[in-house]
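J.: One structure coming up, written as structure tokens, with questions to follow.
The values are calculated or read from the model by the stated rules, or taken from the named source; none is laboratory data. No experiment lies behind these values; they were computed from the predicted model shown. Quick reminder, even Gly has a Cβ in these numbers, built from the backbone with ideal geometry, and neighbours come from all protein chains shown. When the accessible area is computed, the model is the full protein with side chains, heavy atoms only, and any ligands, DNA or RNA have been set aside. Shrake-Rupley method; radii C 1.70, N 1.55, O 1.52, S 1.80 Å.
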Amino acid sequence: MRSDNILDREVLDVIREQYDHIFWAEKKVADFVLKYPQKAVESNVSELAKQSGVSDATVVRMCHHIGYTGYYQFRITLARDMGKKQYSSPSYSANSDVVDQVFAEYAETMVAIGNRIDEKTMWECVNLLKTCGQAHLMAVGNTSPLAQYMGFRLGRLGIKCTYNVSAEYFLNQVNLADSNDILVAISQSGCSKQVIKGMELGKEKGLKSIAITAYALSPVSELADYVLLSTGKDEPFNYYKGYAHLRETAVIDALLNFVTNEELIKAKQADKPEFILSEYKM
């Protein structure tokens, strides 16, 4: 049952009201959320499913049955209800150290990510990119610019790739991919449906895949052959901060740093466009 003003209501009240109308497995999710609402807020769909002892699909069905469009809408509404302080403006004091403080936090985050990424996995990803026929990059929504950025950089490094903001486009490329091509999925949440569909299609074709994501327990991570995590520590869920992609960009840049091969660049004249465009720069 869906109410037009459901987003104006408390999530826990909606769950209690609809509890008798949902299926038994869905009640396991509802029970967990009612007992541990804060833990539910901090969990993505796969994590909540694991904690509730059900499948990802059951979590999504529970959200649908009580009136939400999906788990994400359910989650951000619950986060709002919990009155999380991080949604307000940053509480930095106006002093001479505030800028230093922000960049120090960034630096700490970068170090934590570096410590968490498995070195063997990184080198296996580097080898995949260096030896593939083409790399097909997939990202949607506000993560799409990262695929464009990575695709441009790979081209300058002499590695063929495809990328586009349209899911229809990258699904076409995956569908037409050769056996020595690879996939690179970029999804902070690890739950982007179009990216998941692309990875499933790639797996049907036997393609190797790399995932860059903040969640080790997510559909994208589950489908990937290699996962490069873009988070160094567990942090409170904040969908406003989720719009920022400094962490994913850092992982991409680290990967590209190791992929850089001067001999390949020269052999393929990959930097020729830069010289062509140089006449348009002062």
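J.: Looking at VAL33, VAL29, VAL11 in this structure, which one is touching a Leu at 6+ places or on another chain (Cβ under 9 Å), touching a residue at least 60 places away in the same chain (Cβ under 8 Å) and β-branched (Val, Ile, Thr)?
T.: Only one candidate passes the filter, namely VAL11.
J.: Pick from segment 49-69 the residues that are among the aliphatic types (A, V, I, L, M) and either more than 20 Å from GLU17 (Cβ to Cβ) or assigned to a loop (DSSP other than H, G, I, E, B) (or both): which of them is most open to solvent (accessible area, probe 1.4 Å)?
T.: ALA57
J.: Go over the candidates VAL184, VAL174 one by one and state the one that is under 16 Å from ALA224 (Cα atoms), open to solvent by less than 10 Å² (accessible area, probe 1.4 Å), at pLDDT 95 or above and outside any helix (DSSP H, G or I).
T.: That would be VAL184, the only listed residue that is under 16 Å from ALA224 (Cα atoms), open to solvent by less than 10 Å² (accessible area, probe 1.4 Å), at pLDDT 95 or above and outside any helix (DSSP H, G or I).
J.: Regarding segment 210-222, can at least one residue be identified that is open to solvent by 10 Å² or more (accessible area, probe 1.4 Å) and within 25 Å of ARG156 (Cβ to Cβ)?
T.: Looking through segment 210-222, none of the residues is open to solvent by 10 Å² or more (accessible area, probe 1.4 Å) and within 25 Å of ARG156 (Cβ to Cβ).
J.: Residues that are within 17 Å of the chain's Cα centre (by Cα), at least 2 per element: which helices (runs of 4 or more DSSP H) completely within segment 95-164 meet that?
T.: The qualifying helices (runs of 4 or more DSSP H) are 98-116, 144-156.
J.: So which pairs qualify, if the first residue must be in segment 234-254 and farther than 15 Å from TYR215 by Cα, the second must be assigned to a loop (DSSP other than H, G, I, E, B) and at pLDDT 90 or above, the Cβ gap must be under 9 Å, and the two must be at least 6 apart or on different chains?
T.: THR249/SER230; ALA250/SER230; ILE252/SER230; ALA254/ILE117
J.: Let me ask another. If only one of THR109, THR162 is more than 21 Å from ALA214 (Cα to Cα) and either at pLDDT below 95 or touching a strand residue (DSSP E or B) at 6+ places or on another chain (Cβ under 7 Å) (or both), which one is it?
T.: Of THR109, THR162, the one residue that is more than 21 Å from ALA214 (Cα to Cα) and either at pLDDT below 95 or touching a strand residue (DSSP E or B) at 6+ places or on another chain (Cβ under 7 Å) (or both) is THR162.
J.: Restricting the search to segment 183-218, which residues are of a type in the set (Ser, Thr, Tyr) and more than 16 Å from SER46 (Cα to Cα)?
T.: Within segment 183-218, SER209 is the sole residue that qualifies.
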